[in-house]
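What follows is a set of notes on a single structure, which appears directly below.
The values are calculated or read from the model by the stated rules, or taken from the named source; none is laboratory data. Please read all numbers here as calculations on a predicted model, not as lab measurements. Positions of Cβ are generated from backbone atoms using ideal geometry, with glycine treated the same way; all protein chains shown enter the neighbour counts.
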Amino acid sequence: MERPFLMHRETAMAYLDMDEFTFERFIVPAVTRLRFGTEVYFMADQLEMAVMTLIDMSVDEEQ
């Protein structure tokens, strides 16, 4: 199954298995938000890059 280009906010949180607080605190500041009316979407590639950046930062802090 191919990953979508855009993900709705709720789908993105489920995809990343994050609660709303964690998602808002660590992911949202690192990605572009696209608003269509009242709906908010995120680019799937940016979501994954934000997670990878968080992982890299945590590994660097441990060293």
Item to check | Cross-chain or 6+ apart pairs with Cβ under 6 Å, the range 1-15 first and closer than 20 Å to T38 by Cα, then surrounded by 12 or more Cβ atoms within 10 Å (Cβ to Cβ) and β-branched (V, I, T) | outcome: R9/V40
Checklist entry - So which of D56, D45 is part of a helix (DSSP H, G or I) and within 9 Å of the chain's Cα centre (by Cα)? => result D45
Checklist entry - What number of residues in the range 46-63 are closer than 17 Å to T11 by Cα and without any contact (Cβ under 8 Å) to a residue 24 or more places away in the chain? => result 3
Checklist outcome for this item: Exception for F23 within (1) loosely packed, with under 14 Cβ neighbours inside 10 Å; (2) out of contact with any Phe, Trp or Tyr (no Cβ under 9 Å at 6 or more places or on another chain) falls at (1)
Next on the checklist: Name the single residue that is farthest from M52 (Cα to Cα) among those in the range 18-32 being in a helix (DSSP H, G or I) and in contact with a helix residue (DSSP H, G or I) (Cβ under 8 Å, 6 or more places away or on another chain).
Outcome noted: E20
Checklist entry - Going by the conditions given, is F5 surrounded by fewer than 15 Cβ atoms within 10 Å (Cβ to Cβ) and modelled with pLDDT of 95 or more? => result no
Checklist outcome for this item: Quick count over the range 26-63, residues being closer than 18 Å to P4 by Cα, loosely packed, with under 13 Cβ neighbours inside 10 Å and not polar (S, T, N, Q), is 6
